[in-house]
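Undergrad: Have a look at the structure that comes next, please.
The values are calculated or read from the model by the stated rules, or taken from the named source; none is laboratory data. Every value quoted in this text rests on a predicted model; they were computed, and no experiment measured them. Quick reminder, even Gly has a Cβ in these numbers, built from the backbone with ideal geometry, and neighbours come from all protein chains shown. Remember, those area values only see protein heavy atoms, side chains included, never the ligands or the DNA or RNA. Shrake-Rupley method; radii C 1.70, N 1.55, O 1.52, S 1.80 Å.
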Amino acid sequence: MNSLLPKATLIRLLQLRSIAIVGQLMAILVARFGLGLELPLAANFTLIGLLALINLLFWHQLRIVSAHPQ
């Protein structure tokens, strides 16, 4: 089986997650400041920040694995 397939799939997943994080931030900002909706910004930004942190950790792990193939 091709060993690049799982890596390529992981890269694509991380790219999509990054786009989703940006989209979530934009949606919250537009809802709050564009539409004037009252939102729990601290809770929303905390959760999105955790998602971003997890994504960064996966990117870092991918770099480590790519730098030291078995």
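Undergrad: Quick check for you: with a 1.4 Å probe and neighbouring chains kept, what is the accessible area per residue of the chain, in Å²?
TA: Roughly 79 Å² per residue, with all protein chains present.
Undergrad: Quick one: Debye curve from the alpha-carbon atoms of the chain only, equal weights, vacuum; give me log10 I(q)/I(0) at q = 0.27 Å⁻¹ to two decimals.
TA: -1.17
Undergrad: Taking all protein chains in place and a 1.4 Å probe, what share, in percent, of the accessible surface of the chain do carbon and sulfur account for?
TA: Details: 4080 of 5560 Å².
Answer for the chain is 73 percent, counting heavy atoms of protein chains only.
Undergrad: Follow-up question, since we're still on this one. If one takes the longest principal axis of the Cα atoms in the chain, at what angle in degrees, from 0 to 90 and to the nearest 10, does the Cα axis of helix 4-29 lie?
TA: Once rounded, the angle reads 10 degrees.
Undergrad: If you find the alpha carbon centre of region 47-70 and of region 27-45, how far apart are they in angstrom?
TA: 28 Å
Undergrad: Along Cα→Cβ, 7 Å out, is where each label goes; now give me the distance between the ones at LEU29 and ILE54 in nm to one decimal.
TA: Roughly 2.3 nm, to one decimal.
Undergrad: Further question: Would you mind computing, in nm to one decimal, how far apart the modelled labels at ARG63 and PHE45 are, each placed 7 Å from Cα along Cα→Cβ?
TA: Inter-label distance under the simple model: 2.5 nm.
Undergrad: Have a look at LEU56, LEU14, LEU41 and tell me which one the Gaussian network model of the chain (Cα, springs below 10 Å) gives the largest fluctuation.
TA: In the Gaussian network model the winner is LEU41.
Undergrad: Expressed as an acute angle from 0 to 90° and rounded to the nearest 10, what is the orientation of the C-alpha long axis of helix 41-67 relative to the principal long axis of the chain?
TA: So the inclination is approximately 10 degrees.
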